Amino acid sequence: MGSPRVCRASAPAKVILFGEHFVVEGVPAIAAAVSLYTTAVARQPGEGGGVRVCSEGYGCREVWPSKPSSMSQLYHALEKLACTAKLRPALVEVSSEIPVGAGLGSSAAFAAAVLAAYTCYLGLELSREQLSELVYEAERVVHGKPSGIDNTTIVHGGFILFEKGKGFHRLEAKLRGSKLVIAFSVVARSPGEAVRRVLERKKRLGRLGDDLYELAKRLVLEALAALRAGDPVRLGELMDVNHGLLNALGVSTPVIEELVYAARRAGALGAKLTGAGLGGSIIALAWEDDVDKVVKALSSKAASVYVTELGVPGVTWTVLSGC
Ligand code: MEV
């Protein structure tokens with residue numbers, strides 16, 4: 001018998017460029033995978049009969065076969081996997097450069113990295129679609145009723161046009177001569193809470209709420225055309241409009257507003273919050289020549305600022321040793 005496999009997986013963060021929250025109610029949204037990563041290594045454990053996950057932030061937990069009090073999202077995903085595959089004990093070690101509570105998909109990247117490394121260790125050949133479904137199972141525990149945009153973007157990578165319940169299309173996006181800056185403010189309230197609040201406001205607004213969602217749909221179509229045409233000026237302006245709509249839904253905060261305006265004052269073509277809001281991060285689009293000014297303006301106000309590569313590949317996994 002050969003030696004057991006050791007596998008490593010790496011999952012990117014995501015940003016939503018247009019359409020967060022609106023996507024929960026069926027409006028299309030545009031997202032991209034970004035070059036901040038969570039990495040997991042799965043191997044045979046020295047002791048213990050379950051699947052044990054260790055991470056810098058959360059410590060060590062056995063996540064299967066018994067249900068843990070934390071990281072229970074992994075238990076639910078593994079229970080689903082156990083319907084079709086025989087699970088074996090493993091030790092999965094995780095490290096991450098994606099800030100938690102930043103609206104950058106840290107929970108989906110965590111689940112994607114762990115599940116990709118673990119299924120590789122088991123020798124399973126899952127399709128990306130199957131992996132994305134397992135990550136969605138984990139996300140349901142963390143977020144309540146997620147649209148599926150985070151797991152889809154993180155597992156498949158690239159630029160994605162996503163429609164809840166209908167799937168996704170890969171986009172050929174051009175940001176010609178411009179770059180996206182991400183600034184993380186403070187840890188956001190839970191995405192589940194933000195989604196609940198937005199849906200309650202939409203209900204209270206009645207017809208006016210429906211009109212906002214209709215406007216968001218038109219906005220995404222305009223953004224799609226601007227992305228395809230490679231028109232950063234138009235994209236920036238549309239990001240500002242998207243931020244206005246998110247503000248109308250009640251998910252911006254004074255800190256987020258401060259960052260958005262600091263980016264715009266420093267010459268950004270547009271800026272908006274990204275993800276569920278109520279804290280988290282903003283994204284700002286800027287001409288390459290203006291990026292340093294935007295980063296400088298945000299650095300004094302944000303917890304961290306990133307200029308990342310957009311549209312990177314989705315989760316990857318590889319066998320490090322064994323067979
Ligand atoms: C969270 O990244 C994006 C939201 O639209 C929620 C979701 O789509 O599940 C706020």
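The values are calculated or read from the model by the stated rules, or taken from the named source; none is laboratory data. Every value quoted in this text rests on a predicted model; they were computed, and no experiment measured them. Here Cβ is always computed from backbone atoms with ideal geometry, including for glycine, and neighbour counts include all displayed protein chains. Surface accessibility is based on the protein's heavy atoms, side chains included, excluding ligands, DNA and RNA. Shrake-Rupley method; radii C 1.70, N 1.55, O 1.52, S 1.80 Å.
Worth pointing out:
- Mean Cβ neighbour count within 10 Å, used as a protection proxy, ranking 175-186, 280-291, 217-228 highest first: 280-291, 175-186, 217-228
- Long-range tail of P(r) for the stretch 169-323 (Cα pairs > 22 Å, %): 47
- Percent of Cα-Cα distances greater than 27 Å, calculated over the chain: 42
- Protection proxy ranking of 299-307, 263-271, by the mean of other Cβ atoms within 10 Å over each peptide's residues and highest first, is 263-271, 299-307.
- The orientation-averaged shadow of the Cα convex hull for the stretch 1-96, equal to a quarter of the hull surface, comes to 8.7 nm².
- More than 16 angstrom apart: percent of Cα pairs within the stretch 245-312: 43
- HN-Hα J in Hz across the stretch 275-281 - Karplus 6.51, -1.76, 1.60, θ = phi - 60°, x for Gly and Pro: x, 6, x, 6, x, x, 10
- Distances between placed amide hydrogens fall under 5 Å for Ile98 paired with Tyr37, all partners being 5 or more residues away or on another chain.
- Computed lengthening from Leu87 to Tyr261, 0.36 nm per intervening residue step minus Cα-Cα distance: 57.6 nm
- Average accessible surface for the chain: 43 Å² per residue, computed with a 1.4 Å probe over protein heavy atoms with every protein chain in place.
- Proximal lysines relative to Lys301, as straight alpha-carbon distance under 18 Å, when same-chain residues fewer than 8 apart are discounted: Lys272, Lys293
- For the stretch 96-220: relative contact order, % (alpha-carbon pairs under 8 angstrom, 6 or more apart): 23
- Cysteine residues of the chain whose C-beta has no other cysteine C-beta under 4.7 angstrom: Cys83, Cys323.
- At least 20 Å along the helix axis (C-alpha) and Kyte average at least 1.0, DSSP helices within the chain: 106-122
- The stretch 7-160 - Debye-derived log10 I(q)/I(0), Cα point model, q = 0.21 Å⁻¹: -1.37
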